[in-house]
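Engineer: The structure follows.
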Amino acid sequence: MTLSTPRPPLSGGLHVRDLHKHFPTPGEPLEVLRGVTFDAAPGESAAILGPSGSGKSTLLNILAALETPTHGEVTLDGVNPFALGGGDLAAFRGRRIGMVFQDHHLLGACTALENLLIAPLALGAVRPHHRRRADDLLDRVGLADRAGHRPGELSGGERQRVALARALMNGPSLLLCDEPTGNLDERTAANVTDLLLTVAGEAGATVLLVTHDTAMAARLHRRLRLSDGALIEEAP
C-alpha cells in the first residue's frame, strides 16, 4: 500500500488537498481527518473503506459541501464550493452533486416519480424535459411500472433504486454513496451496484462509494482506505 498522492492535473473532476477536520471536545480537539489528498477523474469510481468511526461519512459530508472542513481545499469541476454564498452553494450542490444513502431518505407521501421530480423542483421548477428524464431514469432502473407507487409500497431494493435515480436526476458530476446497499440482501445489493456503476458511468459521473464490502470495492476502479485520519490508496 502507498499513500494516496495527487495525480497530474485533470480537466475536470474532484480535487482534494490537505483536508483536515477537527471536532471540539471538552479536552483536546478530536482529529477525524488529517491531511487527506486525492484526485478523482470524471467517469472514475472509487471505494472508500475503513472501520466504523474512521471518518468515512465525515469525508463524504465535506465532499458533498454539507459540512465545512477545518482546513484544506475541495474543488469540483474547478469550483471551490466553500467559497460560494448560501444560495449559490445550494444551487451548486443541487446541480453538481448526487447522494445515495444507506437509508434511502425518500419522502413517504410522494410517489417514486414525485421523489425524482423533487430534485429539479429544488432548483426552481419542473419542466416537461424533467418529467421525460425522470421517466427515463425510472425505466433504466427497472421501475417504470412502479412510478406511481409510494416508498411504503416498494421493496428495499426498489426504494434504493429510486434513491439512485433521484441522485442522478440533475445530471451530477459527482455521485457520493454512503453504504448504499448495507440494508439489502446479497443479490439485491449486487443488482443495485450494477445499476449504480452502469448509469453513473454512462453519465460520466465520478463515483465515490463508502462500503465495508471488499467484494463490492473490488468492482470499482480504485480502493481508498481511511486509516488514522489519512487516506491510503490500495494496490489494484
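Engineer: For the chain, what is the mean residue ellipticity at 222 nm derived from helices alone (per DSSP H run of n ≥ 4: -39500 (n - 2.57); sum divided by total residues; nearest 500 deg cm²/dmol)?
Structural biologist: -10000 deg cm²/dmol
Engineer: Identify the trypsin sites (Lys or Arg not before Pro) of the range 181-235 meeting these criteria: DSSP loop state and at most 16 other C-beta atoms within 10 Å of the C-beta.
Structural biologist: Here the trypsin sites (Lys or Arg not before Pro) that fit, given the DSSP loop and packing criteria, are ARG219.
Engineer: Rounded to the nearest 5, what % of DSSP beta bridges with both residues in the range 2-233 are antiparallel?
Structural biologist: 55 percent
Engineer: Now for a separate question. Tell me, what is the FRET efficiency for ALA41 and ASP185 to the nearest 0.05, using R0 = 45 angstrom and their Cβ-Cβ distance as r?
Structural biologist: Efficiency at R0 = 45 Å is approximately 0.90.
Engineer: At 7 Å along Cα-to-Cβ for each site, give me the label-to-label distance between ALA144 and ILE232 in nm.
Structural biologist: With each label point 7 Å from Cα toward Cβ, the separation is 4.7 nm.
Engineer: Let me ask something additional. I want to verify a result. In a Gaussian network model of the chain, Cα cutoff 10 Å, which of these has the top mean-square fluctuation: ALA90, ALA205, ALA41?
Structural biologist: Of the options given, ALA90 has the highest mean-square fluctuation.
Engineer: Order these peptides, 118-126, 175-183, by their mean beta-carbon neighbour count within 10 angstrom, highest first. Kindly include the intermediate steps, with their values, before the conclusion.
Structural biologist: Details: 118-126: 14.1, 175-183: 21.9.
Those peptides, ordered most packed to least, come out 175-183, 118-126.
Readers should treat all values here as calculations from the given coordinates under stated rules, not as data from a laboratory. Quick caveat, the model's predicted, so the values are computed rather than measured. Cβ coordinates were reconstructed from backbone atoms using ideal geometry, including for glycine residues, and neighbour counts include every protein chain displayed.
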